């Protein structure tokens, strides 16, 4: 703290270090949108391109543990 104002070496200003970007991703949590652990909302979808199976995601139950009601494939988070 050479200047005693909290700017540190180089006088870059407080809060300009790692993790203080331009606000990209604000409000989306750590992992972002439709990824594993994305929260209670959303759907589980069938990854089979020939199938359009879909289930409502249940909190606490990963989609990959469910099977598609139409073709039997493991579901994915959608």
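Each value in this text was obtained by applying a stated rule to the coordinates, not by laboratory testing. The structure presented is a predicted model; accordingly, all values stated were derived computationally and were not measured. Ideal geometry is used to build each Cβ from the backbone, glycine not excepted, and the neighbour counts take in all protein chains shown.
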So how far apart, in nm, are the two label points at residue 64 and residue 43 if each is 7 Å from Cα heading toward Cβ?
2.2 nm
In nm, what is the difference between 0.36 nm times the number of residues separating residue 54 and residue 74 and their Cα-Cα distance?
6.1 nm
